[in-house]
Amino acid sequence: MPTLFKRITTLLCLTLFALAPFRAATAQQGQRLNLIRDAEIESTIRTFTIPIWKAAGLDPNGVEIMLVQDGSLNAFVAGGQRIFINTGLIMRTERPNQLIGVMAHESGHIAGGHLARMQEELRNLSTLQILETILAGGAMAGGAVGGAGAGGSGGHGGGTGRPMAPGSLMSFLKYTQTQESAADQAAITYLQRTGQSPKGTIEFLRYLQREEKLAINRRDPYLTTHPLTPERISAFEQAAANSPYANTPDTAQFLMLHQRMVAKLYGFVAPDMALQRYGEADRSLPARYARAIALYRKGTLGSALLTIDGLLKEYPNDPYFHEVRAQMLYENGRAAESIPSYRRAVQLAPAAAILKIDLARALLDVNNPDNDREAMRNLDLAMQQESGSFELWRLMAAGYSKLNNPGMTSLARAEMAAIRGQRAEAQAHAETASRQLTAGTPAWQRAQDLKAYINSRPRK
């Protein structure tokens, strides 16, 4: 199965335990649930939503955005302050204000503590385990991937093989109507505080309403977890009538960010549709961006590079154009050629840890000791933001192995196993690292911390 965006995790729910390498389908339906990482899209959504989080009294650094590659409409809160949002929902929004309304609503669920009853159980689950539970529950209910199935048993905490109780998934995802109304009222308040219009939310709810009327044998997951009522739409209409910001337009900056994000998703997720939607006659930046990515996804690398190089000629300081160019080369077996573009992307977007991981991957693929050391420097920097990334620790293990550092290699492998929930393997690698590392060093202490954490986890 080809990877999407370079960083994709496919969750497999064949058993109750974490499986390596996180690829398989549900036994019932052969469905896959893909968690996507993309620096540009994550940055765009955070740019849209940080004012909302601040208005809600939430620490933006404590809220995570999780992108799920799924064409259905869905967004939900899970595992503390993690907002999961489907690519299908993003692609069906027509302007930023619509997406901001959805994010404001989900932020209202977080600020309101609406998942408090399940929080302690779910706080101990990794993102991968939460998604695995959701997928298993959706399959058992015969629902769509990423939806709220009725009763899941595929979840587990810390790799212990302990399933979530039947029916807990629905309790977790399906908010009560009271909570929905409370989240709507919170969203209205956040939009008011940030000087934004409620009209985008009305547009999105009316779109859902049309979808609901057309659906006979299908129901989007968002409609399952966020039931529509006339009162919900009326509340936003009343808010719009009373808001001094009702007719506030989307800013030119937000419009361009949204158009680029949607174009990028079409190019990666639906290249054939992208080439139809963004025809050659359309010379706008988003259209050319979508075509470049779609052409690459269709295997016409020469045309894709010509298109992205044309954009770079006009916008030489755009980090994400450099990133996409590097990806095109790297994924076509041209790792050495991709390195300059990855380096430039990192220089232009130094805060994007994902780009540093991408650069490190390309560097490690080229047999050169200087490249290996540069890769490890980038991974050390990325670790400050992405310490829970399995891919980061996989590359760390590979890099330390190439540099003949067995202690750090063992420590990185322990981190990998811990993220997967593989207790015994994590314990074994941490023990090995403890023997290989110099006692009292930060790395040695980290190995001790890992062992203590693993031993503290309940065994059920």
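The values are calculated or read from the model by the stated rules, or taken from the named source; none is laboratory data. This is a predicted model, so every value here is computed, not measured. Using ideal geometry, Cβ is built from the backbone for each residue, glycine included, and neighbour counts are taken over all protein chains shown. Accessible surface areas use protein heavy atoms only, side chains included; no ligands, DNA or RNA. Shrake-Rupley method; radii C 1.70, N 1.55, O 1.52, S 1.80 Å.
Here the peptides 279-289, 347-357, 326-336 are ranked by packing, the mean other Cβ count within 10 Å, and the order with the highest first is 347-357, 326-336, 279-289. Residue separation of K298 and Q253 scaled by 0.36 nm, minus their Cα-Cα distance, works out to 13.2 nm of gained length. Only protein heavy atoms count here; on that basis, with a 1.4 Å probe, R206 has an accessible area of about 90 Å². log₁₀ I(q)/I(0) of region 303-388 at q = 0.13, 0.17, 0.18, 0.20 Å⁻¹, via Debye over equal Cα point scatterers, no solvent, to two decimals? Log10 I(q)/I(0), no solvent term: -0.39, -0.65, -0.72, -0.86. Given their separation in residues at 0.36 nm each and the Cα-Cα distance between them, I65 and R373 gain 107.8 nm when the chain is fully extended. For L403 and K313, what does the FRET efficiency come to when R0 = 30 Å and r is the distance between their Cβ atoms, rounded to the nearest 0.05? Plugging the Cβ-Cβ distance into 1/(1 + (r/R0)^6) gives 0.20.
Let a ≥ b ≥ c be the square roots of the eigenvalues of the Cα gyration tensor of region 267-333; is it rounded (a/c under 1.5), or, if not, prolate (a/b larger than b/c) or oblate?
Working: a/c = 1.85, a/b = 1.10, b/c = 1.67.
Judged from the Cα gyration tensor, region 267-333 comes out oblate (a/c at least 1.5, b/c at or above a/b).
Here, region 218-366 has an Rg and a Dmax of 19.8, 61 Å when only alpha carbons are counted. Over region 408-460, accessible surface divided per residue gives 52 Å², non-protein components excluded, 1.4 Å probe. Once you sort the root eigenvalues of the Cα gyration tensor of region 392-435 as a ≥ b ≥ c, which label holds: rounded (a/c under 1.5), prolate (a/b larger than b/c) or oblate (the other case)? Because a/c hits 1.5 or more and a/b fails to exceed b/c, region 392-435 counts as oblate. Using the Cβ-Cβ distance between N332 and Q445 with R0 set to 41 Å, the FRET efficiency works out to roughly 0.45.
Taking the centroid of alpha carbons for each part, region 255-269 and region 315-375 are 21 Å apart.
Compactness of region 299-350 was expressed as the Cα radius of gyration divided by 2.2 N^0.38 Å, which yields 1.04.
Which aspartates and glutamates, on any chain, are close to K402 with Cα under 19 Å apart, when same-chain ones fewer than 8 places away are left out? Straight-line reach from K402, under 19 Å: D358, D365, D370, D372, E374, D380, E391, E415. Given their separation in residues at 0.36 nm each and the Cα-Cα distance between them, Y245 and I50 gain 68.3 nm when the chain is fully extended.
Classify region 402-460 from the C-alpha gyration tensor, please: rounded if a/c falls under 1.5, else prolate or oblate depending on whether a/b exceeds b/c.
oblate
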